[in-house]
Amino acid sequence: RLVLLGFEPSEPETEYGYILPDGTDGSPFGIHRVEKFVEKPDSTAARKLILQRGLWNSMVMVFKIRTLLEVVRRQAPELYAYCRRILRAIGTRSEPEVVEEVYRNMRPLNFSRELLATLPGISPLSLAVLPAHGVYWSDWGLPHCVQRVLKKIGHPAQLHSPDAMGKNRLFKLMD
């Protein structure tokens, strides 16, 4: 299985993915099968997911490489074929050219939408979630998310503008 770490939402965030665990406790560690995987729902759907015990998808995953490769092979055979081409070229003289050609020709793939979200319906045993309780978590993919966390942890002076959070300044705040 691919096992995702899911966090209890503190609000109905529409920029995050949600994982809806099924109603059964599948292991002594609290791991659940995934009933539904929803990427960036609207606010109404996010509220409904929270009421149904939905969790934020952290995209922190645990898996065996062969399990992930099997999922990719089944769900995205074209991507799998490109990966195999690169694997065969590693260590050869043609490696740089093969990698460049593959990346130039490869179509973009949204891992969450095109792989993870499809698994509960077609291969329910392939995806599981481990709920993390009592942990404050935020995805820092957007400036407003970083600003919200800085405000929550007591650094409101750093919130004057989005460009006030340069890389070095942000790391100093975290020390």
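The values are calculated or read from the model by the stated rules, or taken from the named source; none is laboratory data. Quick caveat: nothing in here was measured; it's all calculated off a predicted structure. Cβ placement follows ideal geometry from the backbone for every residue including glycine, while neighbour counts extend to all protein chains displayed. We work out accessible area using only protein heavy atoms, side chains counted, and drop any ligands, DNA or RNA first. Shrake-Rupley method; radii C 1.70, N 1.55, O 1.52, S 1.80 Å.
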Going through segment 32-47 in order, the residues found to be under 16 Å from Thr14 (Cβ atoms) and of a type outside the set (D, E, K, R) are Phe37, Val38, Pro41, Ser43, Thr44, Ala45, Ala46
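Results for (1) of a type in the set (Gly, Ala, Ser); (2) farther than 27 Å from Val135 by Cα, shown as yes or no for each residue.
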| site | (1), (2) |
| --- | --- |
| Pro12 | no, no |
| Glu15 | no, no |
| Tyr18 | no, no |
| Lys40 | no, no |
| Leu79 | no, yes |
| Ile86 | no, yes |
| Gly91 | yes, yes |
| Glu100 | no, yes |
| Pro108 | no, yes |
Does Ala132 meet the test of being over 15 Å from Arg1 (Cβ atoms), in contact with a Leu (Cβ under 8 Å, 6 or more places away or on another chain) and open to solvent by less than 60 Å² (accessible area, probe 1.4 Å)? yes
So, in segment 1-11, how many residues would count as being outside any loop (DSSP other than H, G, I, E, B) and either polar (S, T, N, Q) or open to solvent by less than 10 Å² (accessible area, probe 1.4 Å) (or both)? 3
